[in-house]
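Chemist: Pasting in a structure now, in structure tokens, and then I'll have a few things to ask.
Derivation of every value follows stated rules applied to the coordinates shown; laboratory data play no part. This structure is a prediction, so every number in the text was calculated from the model and none was measured. Please note: Cβ atoms are built from the backbone with ideal geometry, for glycine as well, and neighbour counts cover all protein chains shown.
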Amino acid sequence: MMSNMPKFSSALSLPASIFSYKKDTLTSVKSRDISEFLTKDFASIKVLQVYMMYLYHEYICPLKLSHINFLCPDAISCATMKKNRLSVIDYIKDAFLNERKKDVQSKFLLAPYHEGNHWVLIVLDLVLGLAYVFDSATPPPPGTRKLEGFNCIQMAYRIYWTNLENDKRNIKSQKLRFIQMKCAQQVDAVDSGYYVMKYMHDVVTVYNEYKDNLSEGYVQREMPYSDEELEETREQWAKYFKDNYLMDAGE
């Protein structure tokens, strides 16, 4: 894996077609993002965005998985919500409404969500009106994590549902049903971002053709990911970043 990386800033283009934006957006991966990644510290939003680009170019595009798409973790983060809650709802709502225009509607919208120094993955299924929550630090039963993002997603979905033609409403409820998935549980406090990356990889590579309720077909586990599994995820990120961005980085 890469090490001893000098201080730099590398431009990162976020294509509208991948991140559900109205137009392409530009951001940058900075030294701090890389430093935290190399020391296996908390994964930043930029690190997650790079991994989503990796999944798109490695699997979604070549395998023509047009029914899998992303919501940008920066656009839906709790920090963004605190600055402008309506902008988050509008972004999610527009992403949902855009699904109506597609020849093939997305089965899964992968939404990595960051709140309170913790990452969770929300996998949205607009066809069935379900939201699968992958949380690597799931509270013990009967507790569930109360996240601000759930409310924004719910409000955006209600607007999306009311704008559907009657013959396209496969479900009758205006509310998404959130399902807590039984998934691998982290051991180290800072690993939630890497777990979300691994969850996304599993959905894209293993469950990409699954058409029913994902909670019924997902292979449940509560054992933590092994060091080898997490290292493989980091190696995927590192190689993709090195090959596609590192050579263009400046001081």
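Chemist: If you take the square roots of the eigenvalues of the alpha-carbon gyration tensor of the range 40-179 and sort them as a ≥ b ≥ c, do you get rounded (a/c under 1.5), prolate (a/b over b/c) or oblate?
Modeler: oblate
Chemist: Here's a follow-up. What is the range 36-84 by shape, rounded, prolate or oblate, if you read a ≥ b ≥ c off the alpha carbon gyration tensor as root eigenvalues and call it rounded for a/c under 1.5, prolate for a/b larger than b/c, and oblate otherwise? Present the calculation step by step, with values, prior to reporting the outcome.
Modeler: Numbers: a/c = 4.56, a/b = 1.36, b/c = 3.36.
Cα axes put the range 36-84 in the oblate bin.
Chemist: Lys64 versus Lys82, label points 7 Å from Cα toward the beta carbon: distance in nm?
Modeler: A separation of 4.6 nm, rounded to one decimal place.
Chemist: Angle between the Cα long axis of helix 227-244 and the longest principal axis of the chain, 0 to 90 degrees, nearest 10?
Modeler: Approximately 80 degrees, to the nearest 10.
Chemist: Taking other Cβ within 10 Å of each residue's Cβ, how do Arg158, Arg221 sort, fewest first?
Modeler: Working: Arg158 17, Arg221 11.
Fewest-to-most ranking of Arg158, Arg221: Arg221, Arg158.
Chemist: With a cut-off of 8 Å between alpha carbons and a minimum separation of six or more residues, what is the relative contact order of the range 9-248 in percent?
Modeler: Working: 347 pairs, mean separation 47.5, N = 240.
Answer for the range 9-248 is 20 percent.
Chemist: What is the local net charge at Tyr218, summed over the other residues whose Cβ is closer than 11 Å to its Cβ (Lys, Arg +1; Asp, Glu -1)?
Modeler: Residues near Tyr218 contribute -1 overall.
Chemist: Would you mind classifying the range 1-66 by shape? Square roots of the alpha carbon gyration tensor eigenvalues, ordered a ≥ b ≥ c; an a/c under 1.5 is rounded, otherwise it is prolate if a/b is larger than b/c and oblate if not.
Modeler: prolate
Chemist: Determine the calculated [θ] at 222 nm for the chain from helices alone, applying -39500 (n - 2.57) to every DSSP H run no shorter than 4 residues and normalising by the residue count; nearest 500 deg cm²/dmol. Could you put the intermediate results ahead of the total?
Modeler: Details: 9 runs with 94 residues, N = 251.
Computed ellipticity for the chain at 222 nm equals -11000 deg cm²/dmol.
Chemist: In addition: Can you tell me the 0 to 90 degree angle between the C-alpha axis of helix 192-205 and the longest principal axis of the chain, rounded to 10?
Modeler: Between helix and principal axis, roughly 60 degrees.
Chemist: So for the pair Lys239, Gln154, with labels modelled 7 Å out along Cα→Cβ, what separation do we get in nm?
Modeler: 4.2 nm
Chemist: Ok, one more. Among the listed pairs Lys22/Lys46; Lys7/Lys146; Lys46/Lys146, give every one whose C-alpha distance is greater than 29 Å.
Modeler: Lys7/Lys146
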